[in-house]
Amino acid sequence: MDTQLANFPANQFDLSKLTPQQLKIIKSNVAKNATDDELQWFLYQAKELRLNPLTKEIWFIKYQGGDCIIMTSRDGFLKKAVENPEFTGIQSMEVRAKDEFSMGYENGKMKLEKHKWQGADRGAVVGAWACVSFKDGSQ
């Protein structure tokens, strides 16, 4: 990955604009084990998407083998949705191991068919779902 980032234009996002304290906070909490090139790439993406890594709207994840990804969190997606004037709401929930859960398709669109649970011990989180609605009634 460092090779891919070697030709990244340095003037696009300048790490020198961060104070040493800000850089330390980001490297220890938000972009653990990131090289300077990876950190620059991550912060550039955050800036372009107007997502805040310190409030966990966007994440940097580095795997043991050295591969890394940048991922938008649920809060990041929600922030972007709210910026859309057509957005009217969202329903979402985690799916746990003991839940009764199924999704299907209707008219070529994914649809929640059933999500049912009982009691406090629902088991480990195994997934999540979200349904977004817009002013025109579409989801």
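Below, the figures for the structure above:
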quantity	calculated
Unsatisfied cross-links (Cα-Cα over 23 Å) in the set 47/135; 62/116; 62/114; 47/80	47/135; 62/116; 62/114
Within the chain: Cβ-based charge dipole about Cα centre, in debye rounded to nearest 20 (Lys, Arg +1; Asp, Glu -1)	380 debye
Overall form of the stretch 44-124 per C-alpha gyration tensor (a/c, 1.5; a/b vs b/c)	oblate
Signed unit charges on C-beta, dipole axis of the chain, positive-most listed residue 97, 81, 128	97
Label-reachable residues, the stretch 85-116, where backbone N falls under 15 Å from a point 7 Å from residue 124's Cα toward its Cβ	95-99
Relative contact order computed over the chain (Cα-Cα under 8 Å; 6+ residues apart), in percent	17 percent
D_trans [Stokes-Einstein, Kirkwood Rh over alpha-carbon pairs] for the chain, 37 °C, 0.692 mPa s, µm² s⁻¹	183 µm²/s
Using a Förster distance of 35 Å, the FRET efficiency for residue 18-residue 132 (Cβ separation, nearest 0.05)	0.55
Filter on 56/98; 32/98; 32/111 - keep pairs with C-alpha separation over 31 Å	32/98; 32/111
Gain on full stretching of the segment that runs from residue 55 to residue 109 - 0.36 nm per residue minus C-alpha separation	16.3 nm
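Where a number appears in this text, it was derived from the coordinates with a stated rule and is not lab data. Quantities reported herein were computed from a predicted structural model and do not represent experimental measurements. Glycine also receives a Cβ, built like all others from the backbone with ideal geometry; neighbour counts cover every protein chain displayed.
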